[in-house]
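One structure is given below, encoded as structure tokens.
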Amino acid sequence: MKRTKISEVLKLPPNQQQLTVMGWVRTFRNNQFISLNDGSTIENLQIVVDFTTFPEELLKKIHTGTSLKISGKLVPSQGKNQTHEIIANTIEILGECDPEKYPLQPKKHSLEFLREIAHLRMRTTTFQSIFRIRNGLAFAIHQFFQNRGFVYIHSPIITASDAEGAGELFQVTTLDLNNIPKTADGLVDYTEDFFGKPANLTVSGQLEAELGAMAFSEVYTFGPTFRAENSNTPRHLAEFWMIEPEMAFYDLNDNMDLAEEMLKYLLKYVLDNFPKELEFLQQRQLDEEKQKPQNERSSMPLIEKLQFCIKEPFERLTYTKAIEILENSSYNKKKKFQFPVQWGMDLQTEHERYLVEKEFNKPVILTDYPKDIKAFYMRQNDDGKTVRAMDILFPGIGEIIGGSQREERLEILEQRMKELNISTEEMYWYLDTRRFGTVPHAGFGLGFERLVQFCTGMSNIRDVIPFPRTPKNCEF
Ligand code: ATP
Ligand code: MN
């Protein structure tokens, strides 16, 4: 008999029909009730087992984690926790699961513990909720851009350029590290390497996306990016996914409008499509918050927070104005910031969160940052000090998007690259876009995991990616 997915079973009117389901046991109570999950929904299906009609040998093999094929009659349930149940006629064990060795027990496990068994944690309701929302968001991102006629560009994963100039690169090489070929002056001889020159994993697809925008006018990338930043924070991964739209004929205001519209579209998509998952995660968060001191608790439950961010227009102000606000804040006067505030500094998460959570109490877009703390390709303002940058800051997360209007004027761009010692010769392919029919353009990068963090209320970024990569951690 064909298998019916539990998601489908729960939609049927229960009227004694014969069905076959397959899945993994969540719990087996009183030798009588199996709670079965097959991952098609976060909900479990109750199976009623008449223990007098099945051999004891068989029943003894049913534990949390055992995989089963069950046929039986679908009937309305008398229980208060479910609407449907199946009265089992036949039970077949597909795979046994030793209860002494299986690490997932029918009780609450800590997220830290589950991270150690990342190959099994997807079987928990928490992670099924998170990864279903993650999957939905990936789909919705494509939908958002495809609906608007943007072209999806696959930017390369291996590159020879360091887009951000941040120097946090994973090198890609086929050289034998125990026997490195050297040049006459004792340096690594990269002509012997696979590409004949140094190469690395990409830190951003933006520069390549700009080439696409100069042909299609509106493009986006959505792919993995890699940063060897040795920062063990709850918001950084060594491997993460980034969405980078790039648009010709957009200025910074158009860029901000698109980013705000996109974020609201995505939050709404999650609210519309994942009510059960959100409900579950919200309850999980509320339980967790009870353990925290009052002042560290998040001010709004998850669902309300998503609704709130859709409704409110994001606050837009310049970096300079933000610094003024921070300087004059009572927080600053009471010396509550770990990093002192002054114009020219890169804002720390504590400052970003102050602006979002204390000052404005909604998402904030900061613009026009000092040029010295931003990348070479951002468009210079006439003041000679700032660039047309924009960062979008979210409650609980800090920076979720970084973007800018790009410098489209060849001489000014070349001048800036020289100041920063970036080779204009090696970057000829990028500068060619400014040589041959340059246009005003803009774009931004959305960190996918930070978005998933926000939508699921998870406080650690490692819990929103199936296989997190962080310093000293690359298992499975
Ligand atoms: P941060 O200051 O938080 O390190 P950034 O300024 O380095 O961020 P960008 O280079 O502007 O970030 O990258 C664009 C987006 O990618 C960020 O807004 C953020 O959402 C995300 N992002 C950056 N670094 C990481 C990381 N290591 N892990 C996960 N997401 C990241
Ligand atoms: Mn960074």
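Each value in this text was obtained by applying a stated rule to the coordinates, not by laboratory testing. None of the values given here were measured: they were computed from a predicted structure. For neighbour counting, all protein chains shown are included, and Cβ atoms are generated from backbone atoms with ideal geometry for every residue, glycine included.
Key figures
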quantity	calculated
Eligible aspartates and glutamates near LYS472 by straight Cα distance, threshold 15 Å, same-chain separation 8 or greater	GLU116, GLU229, GLU239
Long-range tail of P(r) for the range 6-107 (Cα pairs > 16 Å, %)	53 percent
Those lysines that a straight Cα-Cα span of less than 21 Å connects to LYS61, excepting residues fewer than 8 apart in one chain	LYS69, LYS101, LYS107
Charge dipole magnitude, Cβ of K and R +1, D and E -1 - the range 6-107, Cα centre, debye nearest 20	260 debye
Size of electric dipole in the chain: Cβ of Lys, Arg +1 and of Asp, Glu -1, about Cα centre, debye, nearest 20	2040 debye
Simple Cβ-charge dipole of the range 106-149, Lys/Arg +1 and Asp/Glu -1, about Cα centre, in debye nearest 20	120 debye
Debye equation applied to the C-alpha atoms of the chain, log10 I(q)/I(0) at 0.05, 0.06, 0.11 Å⁻¹	-0.25, -0.36, -1.00
Gyration tensor verdict on the range 124-248 (Cα atoms; rounded if a/c is under 1.5, prolate if a/b is larger than b/c, oblate otherwise)	oblate
Cα shape, the range 257-360, gyration tensor, a/c 1.5 rule	oblate
5 angstrom amide H check on GLY23, placed H, neighbours 5+ away	LEU68
³J(HN,Hα), Karplus 6.51/-1.76/1.60, whole Hz, each residue of the range 177-182, x for Gly, Pro	5, 8, 8, 7, x, 10
Percent of beta bridges antiparallel (DSSP, the range 6-107, rounded to nearest 5)	90 percent
MRE, 222 nm, helices only [DSSP H, n ≥ 4, -39500 (n - 2.57), over the chain, to nearest 500]	-9000 deg cm²/dmol
